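Worksheet: one structure, shown below.
The values are calculated or read from the model by the stated rules, or taken from the named source; none is laboratory data. Worth saying up front: this structure is predicted, and the values here are computed from it rather than measured. Using ideal geometry, Cβ is built from the backbone for each residue, glycine included, and neighbour counts are taken over all protein chains shown. Please note that ligands, DNA and RNA were not included when accessible areas were found on the heavy atoms of the full protein model with its side chains. Shrake-Rupley method; radii C 1.70, N 1.55, O 1.52, S 1.80 Å.
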Amino acid sequence: MSTQQDYDCVVIGAGVQGSCTAYQLVKQNKKTLLLEQFILPHTRGSSHGQTRIIRKAYEQDFYTRMMEECYRQWTQLEKDAGVQLFRQTGLLVMGPENHGDYQLFKDTLQKNKVPTVILTRDNFKQHIPNVILAEGDGALVDVTAGVLFADRALKAVQGQFQKLGGVIRDNERVMEIKPGSVVKVTTSKGVYRARSVVITAGPWTNRLLAHTGFQLPLEVVKINVCYWREKTPGTYDVKQRFPCFLLTEGAETKEHIYGLPSNEYPGLVKICYHMGAKTDPDYRDLQTDKSDIDILKRYVARCMPGLIPEPAVVESCMYTLTPDRHFVLDYHPNYSNIIIGAGFSGHGFKFGPVIGKLLCELSLGEVPSFDLSPFRIGRFQSKTKSAL
Ligand SMILES: Cc1cc2nc3c(=O)[nH]c(=O)nc-3n(C[C@H](O)[C@H](O)[C@H](O)COP(=O)(O)OP(=O)(O)OC[C@H]3O[C@@H](n4cnc5c(N)ncnc54)[C@H](O)[C@@H]3O)c2cc1C
Ligand SMILES: O=C(O)[C@@H]1CCCCN1
């Protein structure tokens, strides 16, 4: 065991949220340690894979407003790290016209003056010939949206953090957190003391919170990340300007179905179901439920005539869901120097830079730059548990 070391802040978990938080802290000249249980890079959490959707289209204003700053910060990171992290493709949103989520997306985009194109049935066929728009569905494009190169982004943030003197220790699992005015963090390899601790442990959040006598109402699900082969290579390619897309609800489902253009694997289009089966993060691969894939097969057969309706590649990822699908960004209810960033509910990657900034502000006791009321733990009331 190494000797005890002191830090201004220890961040637990080097996924996108922990890495962005650590980077913000070191930018504020804080002596920061980022701990990760696995050897980096790894594919066991929620932040791996080449691509994620970035978009301003949301059902709620507060996300659309936060995205303004996210775009600015991702662009800044591209400059600082000298890598391309974003490719604009637009996001095609489809769903039953004039009601439900589709209408919420439309209202939010219009209210926030986000560049948007509303497609009529005729120009849909013309612009997006290889997708079938269901009877009664509307379609619009959030022009600002696109693909974030996720693995590359994570590497860039971690690299910038280290460049400014931040310390990453991977292959080092946090075993115990002892709250106090100075928090003691015991890992598989050492003991650290910090003025504040940020817990960004993704699907393992409740495992860590158990050391502090507290549990959040989180549910971890496994997502089958499916890639579908083009019948004619190039039909849905990013180079042909095929957009990311999101179907709010359809004949197959009330959950969202979403996709990204063929890009990381030539000739393969990523299309996933926005829900999965419950899993234990340490035994993710033992969860073999494939009902989401069955839903997707039916959808692809009906609406994506240029794809073979059988996935060619299936990878795994996890969502950590809150009951309302909004994030948790807050102080620990009993210890103001333990900060929690969790429950990103399958849509947190694009917000990484702003989440990092907010968690950094909370850990420094500063006033957060955005209204955090949608993200407060207090909203769960009776659903939070004392684990003592
Ligand atoms: C299939 C899929 C598609 C998605 N699509 C999108 C999208 O299009 N757009 C978007 O914005 N978002 C998307 N998301 C969501 C986004 O990827 C997640 O919200 C985000 O990656 C969550 O990051 P995190 O840092 O909270 O968690 P994680 O990436 O899981 O990081 C937590 C880290 O903590 C570490 N850890 C846990 N316990 C310990 C411990 N005891 N000691 C040390 N380390 C520990 C873990 O090993 C892990 O590395 C998607 C997610 C999935 C799964
Ligand atoms: O965050 C996103 O943009 C995507 C949209 C659909 C569900 C999964 N996540």
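Label reach from Lys254 (point 7 Å along Cα→C-beta): in the range 105-143, amide nitrogens under 19 Å belong to 105, 137. Each label was represented as a point 7 Å from its Cα along the Cα-to-Cβ direction; for Ser181 and Gln126 these points are 7.1 nm apart. With all protein chains kept in place, the per residue accessible area of the chain amounts to 42 square angstrom at a probe of 1.4 angstrom. Summing charges over all other residues whose Cβ lies under 13 Å from the Cβ of Asp101, with Lys and Arg as +1 and Asp and Glu as -1, gives -3. Of Lys125/Lys278; Lys79/Lys297; Lys222/Lys254, which pairs sit farther than 29 Å apart, going by alpha carbon to alpha carbon? Exceeds cut-off: Lys125/Lys278; Lys79/Lys297.
Of Ala139, Met94, Thr75, whose Cα points farthest to the positive end of the dipole of the range 59-181 (charges on the beta-carbon: +1 Lys, Arg; -1 Asp, Glu; origin at the Cα centre)? My answer, from the dipole projection, is Thr75.
In summary, the aspartates and glutamates within cross-link reach of Lys111, defined as a Cα separation below 12 angstrom excluding same-chain residues under 8 places away, comprise Glu59, Asp61. Considering only Asp142, Asp289, Asp237, the Gaussian network model of the chain with Cα springs below 10 Å gives its largest mean-square fluctuation to Asp289.
Placing +1 on the Cβ of every Lys and Arg and -1 on the Cβ of every Asp and Glu, with no other charges, gives the range 260-388 a dipole of roughly 360 debye about its Cα centre. Heavy-atom surface analysis with a 1.4 Å probe gives the chain a carbon and sulfur content of 50 percent of its accessible area. Computed from Cα positions, the angle between helix 352-363 and the longest principal axis of the chain comes to roughly 30 degrees. Compared with the dominant principal axis of the Cα atoms in the chain, helix 100-111 is inclined by about 80°. Size descriptors for the chain, from the alpha-carbon set: Rg then Dmax equal 20.9, 69 Å.
Annotation: amide H of Trp228 within the under-5 Å range of Val269, Lys270, Ile271, Ala312, sequence separation 5 or more or interchain, hydrogens built in the peptide plane. To the nearest ten degrees, helix 61-81 and the longest principal axis of the Cα atoms of the chain are 70 degrees apart.
If the chain linking Lys189 and Glu68 were pulled fully straight, counting 0.36 nm for each residue of separation and taking away their Cα-Cα distance, it would gain 39.5 nm.
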